[in-house]
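Reading through the structure tokens given below for one structure.
The values are calculated or read from the model by the stated rules, or taken from the named source; none is laboratory data. Note that the coordinates shown come from a computational prediction; the quantities given were computed from them, not determined experimentally. When we count neighbours, we look across all protein chains shown, and the Cβ atoms used for this are built from the backbone with ideal geometry, even at glycine.
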Amino acid sequence: MRKKVTDDKLEECIHKYCRDLTYLAKQGRFDPITGRDKEIRDSILILLQKGRKNVMFLAPAGVGKTALCVGLAQQIANDAVPSYLKNARVIEIDLPSMAAGTNSSAEFQERFMPLVKGVAERYHDPAYPKYILFLDEIHTIMPTCSGSAYAGLSEVMKPYLTVGDLHVIGATTRDEFRVYFEIDPAMDRRFQKINLNVPNQEETHVILEAIKGGYEKHHKVSIPSDLTQLVCRLTDEHMKKRNQPDKSIIVMDGASALHVLENGEGGELSVDAILNFMATEISIHPDALLDSRERQELDEAAAKRKQENQVPVVQEDAPQPSKLNELLNNSADDND
């Protein structure tokens, strides 16, 4: 059957206004996603269903909703999914890019329609892979979201969601979902919700240990385990308005950059770089972040590593530890 949206037109839309997360995962562009095995498995379970096969990630900002979608793309790229999702493409729609240069909602929808229609009409064609559309801040497409440039796009998608010709993953916060999304029963019932818990300090430390290899490679600085632990503790205590693991990742990255700026590449990340970067983030004197005993212990540990010539070797790919999955499962059991 001849398609209304040609292959070239669909690929042009994806190229202009989207990111193919599966392709990027195959290129090794992302850090390993650790500790979200259950949530990724639940996402796959929903996508495999015939009826309500759309996923809604609910969590505060910075917890890792987009990272979870990347984790799904990595599973597909590694061929670790059932045959139904083999070679599937996880496509993140960049709404700001799509809206740029448009003068009206009608003009914006003219760009959006070929993408949705092209994906929908290929859903039942076995010659094409499954397309999974990812929309971050999905509440902004609802008509009731006043002030949003994308308000009303839900009405464009609704007919295709109703007949089951789309796979959609949405991400938003619980409050925004309740205010904007839940009040539309037709949209609400098309999605199954997955709640993401905010990692605690111990869980965040395991995440940092898993991903730090990419930052060590980028900055050419080794990051010892006791310093990732320090980052997690300081951010937990002093950056209350942000969520883990985002705030710890930001500080680890920024402190490494500051270390390179002041000391050059090579060697081990310094405690001073962490304290000074933290100080600028929270407007506090760096000396107020650590007491003398803690500082002495960290300095002694660094001196011992240097003396024994055991500064950690920068690794390109850090292993994904199983410990975090156990921690998260225990946390889920406690919540139950």
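With the requirement that a residue be among the acidic types (D, E) and either buried (at least 18 other Cβ atoms within 10 Å of the Cβ) or in contact (Cβ under 8 Å) with a residue 12 or more places away in the chain (or both), what does region 193-239 give you?
Our first condition is that a residue be among the acidic types (D, E); within region 193-239, this holds for 202-203, 209, 216, 226, 236-237.
If the condition is that a residue be among the acidic types (D, E) and either buried (at least 18 other Cβ atoms within 10 Å of the Cβ) or in contact (Cβ under 8 Å) with a residue 12 or more places away in the chain (or both), then E202, E203, E209, E216, D226, D236 are the ones that fit.
Applying the criterion of being within 21 Å of I194 (Cα to Cα) and either among the hydrophobic types (A, V, I, L, M, F, W, C) or free of Cβ contacts under 8 Å to residues at least 24 places away in the same chain (or both) to the residues of region 1-43, the residue that is surrounded by the fewest Cβ atoms within 10 Å (Cβ to Cβ) is R41. Could you tell me whether region 81-104 includes any residue that is surrounded by fewer than 15 Cβ atoms within 10 Å (Cβ to Cβ), in contact (Cβ under 8 Å) with a residue 12 or more places away in the chain, of a type in the set (S, T, N, Q) and not in a helix (DSSP H, G or I)? There is at least one residue in region 81-104 that is surrounded by fewer than 15 Cβ atoms within 10 Å (Cβ to Cβ), in contact (Cβ under 8 Å) with a residue 12 or more places away in the chain, of a type in the set (S, T, N, Q) and not in a helix (DSSP H, G or I).
You will find that of R52, R122, the residue that is assigned to a loop (DSSP other than H, G, I, E, B) and touching a strand residue (DSSP E or B) at 6+ places or on another chain (Cβ under 6 Å) is R52 and no other. Is one or more of the residues making up region 64-76 surrounded by fewer than 21 Cβ atoms within 10 Å (Cβ to Cβ) and assigned to a loop (DSSP other than H, G, I, E, B)? Scanning region 64-76 turns up no residue that is surrounded by fewer than 21 Cβ atoms within 10 Å (Cβ to Cβ) and assigned to a loop (DSSP other than H, G, I, E, B). Tell me, please, whether a residue that is more than 21 Å from L72 (Cβ to Cβ) and polar (S, T, N, Q) can be found in region 167-186. The answer is no, given that none of the residues of region 167-186 is more than 21 Å from L72 (Cβ to Cβ) and polar (S, T, N, Q).
Every residue, every condition in (1) among the basic types (K, R); (2) more than 18 Å from the chain's Cα centre (by Cα); (3) not in a helix (DSSP H, G or I), yes or no:
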position: A106; (1), (2), (3): no, yes, no
position: P126; (1), (2), (3): no, yes, yes
position: F134; (1), (2), (3): no, no, yes
position: P143; (1), (2), (3): no, yes, yes
position: P159; (1), (2), (3): no, yes, no
position: D165; (1), (2), (3): no, yes, yes
position: R178; (1), (2), (3): yes, yes, no
position: A186; (1), (2), (3): no, yes, no
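Taking region 188-243 as the range and being assigned to a loop (DSSP other than H, G, I, E, B), within 21 Å of R36 (Cβ to Cβ) and either aliphatic (A, V, I, L, M) or touching a Lys or Arg at 6+ places or on another chain (Cβ under 9 Å) (or both) as the test, the residues that pass are L196, V198. Kindly evaluate D42 against the criterion of being of a type in the set (D, E), not in a helix (DSSP H, G or I) and not assigned by TED's automatic domain parsing to the domain that holds R242. No, not satisfied.
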